[in-house]
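First up is the structure itself, then whatever we jot down about it.
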Amino acid sequence: MKKRPFVILNMFSSIDGRITTGPDRNVSEWTELNIDGDANQITHQLFDDLDCDGIISGSETLEVFRRHSVKLSKEMYWPQKSKAYIVFDGRGRIEWAQSEGVLVVTKENVADTYLDQLNDKRIPYVLAGRGDKIDLKKSLEVLYDKGFRRLGLSGGGKINGAFLRQQLIDEISIIYAPVAVGGHRTPTLFDCDDLTNVEFLTRLELIQTKPLSTGAIFAHYKVKSL
């Protein structure tokens, strides 16, 4: 078996695991309204504390943030140990404006026009899988070969859920903001296929929990092997 980077899901959410106010909403609105208990800022700082040398996101997250733009009055901390912002874009749908520090992961059979865009803008990329979706295991193996050892996963619910179902998450680090959201379609930490058997639950071992002075709570878990 080829080696892959250690993957840590590092996110913030409401106490009920919602990662936005509702569908197609930018969660940064919690930060701007000062109701997230500094969860957004603390989560960004944790990438360094967790020694993440790259940060993974999904294309859907970026598309939502572009449609529902939130201008923050205070500058957000950017992790200093991260060598790249790694965006999984299997459909090749992002029209890149900001390319500095970006590494794209996409499919081997993505449209040639998308690869032309990446080449023209000198955006490095990884090709993994020729099916309907990116081959996550292969992509991580390639990222390991490129020197990445500890990756922070901070995507939307779909990419997080895909990593969860394929057992590619090693630790889970969550900052719970002091808000409750609810909803039927509001994105959660993990949006993926329903389980049919309790045996397939992802079992966790507690590393630490810590109440924060801001009202948020930090919880850190190790994923136990099935």
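So, LEU46, is that one at pLDDT 95 or above, surrounded by 14 or more Cβ atoms within 10 Å (Cβ to Cβ) and under 18 Å from the mean Cα position of the chain (by Cα) or not? Lay out the reasoning, then the answer.
Numbers: at pLDDT 95 or above: yes; surrounded by 14 or more Cβ atoms within 10 Å (Cβ to Cβ): yes; under 18 Å from the mean Cα position of the chain (by Cα): yes.
Here the answer is yes, as LEU46 does meet what is asked.
Being buried (at least 20 other Cβ atoms within 10 Å of the Cβ), closer than 25 Å to PHE218 by Cα, out of contact with any Leu (no Cβ under 6 Å at 6 or more places or on another chain) and of a type in the set (A, V, I, L, M, F, W, C), is that true of even one residue in the range 134-155? So far as the range 134-155 goes, yes, one or more of its residues are buried (at least 20 other Cβ atoms within 10 Å of the Cβ), closer than 25 Å to PHE218 by Cα, out of contact with any Leu (no Cβ under 6 Å at 6 or more places or on another chain) and of a type in the set (A, V, I, L, M, F, W, C). The criterion of at least 3 residues that are out of contact with any strand residue (DSSP E or B) (no Cβ under 6 Å at 6 or more places or on another chain) and not hydrophobic (A, V, I, L, M, F, W, C) is met by none of the strands (runs of 3 or more DSSP E) wholly inside the range 51-107.
Can you say whether GLU171 is of a type in the set (Asp, Glu) and within 25 Å of LEU201 (Cβ to Cβ), as far as the supplied structure shows? For GLU171, the condition - of a type in the set (Asp, Glu) and within 25 Å of LEU201 (Cβ to Cβ) - is met.
Table: residues versus (1) modelled with pLDDT of 95 or more; (2) not hydroxyl-bearing (Ser, Thr, Tyr).
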residue	(1), (2)
ARG66	no, yes
PRO79	yes, yes
SER99	no, no
LEU103	yes, yes
THR113	yes, no
ARG130	no, yes
LYS133	no, yes
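Within the range 49-74, the residues that satisfy the criterion of being among the aliphatic types (A, V, I, L, M) and either surrounded by 15 or more Cβ atoms within 10 Å (Cβ to Cβ) or out of contact with any helix residue (DSSP H, G or I) (no Cβ under 9 Å at 6 or more places or on another chain) (or both) are LEU50, ILE55, ILE56, LEU62, VAL64.
Selection of the range 200-220 for residues being within 15 Å of GLN167 (Cα to Cα) and aromatic (Phe, Trp, Tyr) yields only PHE200. Restricting the search to strands (runs of 3 or more DSSP E) fully inside the range 170-226 and requiring at least 2 residues that are crowded, with 17+ Cβ neighbours inside 10 Å gives 171-176, 217-223.
If the condition is being touching a residue at least 60 places away in the same chain (Cβ under 8 Å) and closer than 20 Å to LEU140 by Cβ, then the range 55-83 contributes ILE55, ILE56, SER57, GLY58, GLU60, THR61, PRO79, SER82, LYS83. Just wondering, is there one or more residues in the range 106-123 that are loosely packed, with under 14 Cβ neighbours inside 10 Å, among the small types (Gly, Ala, Ser), within 28 Å of LYS3 (Cβ to Cβ) and touching a residue at least 12 places away in the same chain (Cβ under 8 Å)? No, the range 106-123 contains no residue that is loosely packed, with under 14 Cβ neighbours inside 10 Å, among the small types (Gly, Ala, Ser), within 28 Å of LYS3 (Cβ to Cβ) and touching a residue at least 12 places away in the same chain (Cβ under 8 Å).
The values are calculated or read from the model by the stated rules, or taken from the named source; none is laboratory data. Note that the coordinates shown come from a computational prediction; the quantities given were computed from them, not determined experimentally. Cβ sites come from the backbone with ideal geometry, for glycine too, and all protein chains shown count toward neighbours.
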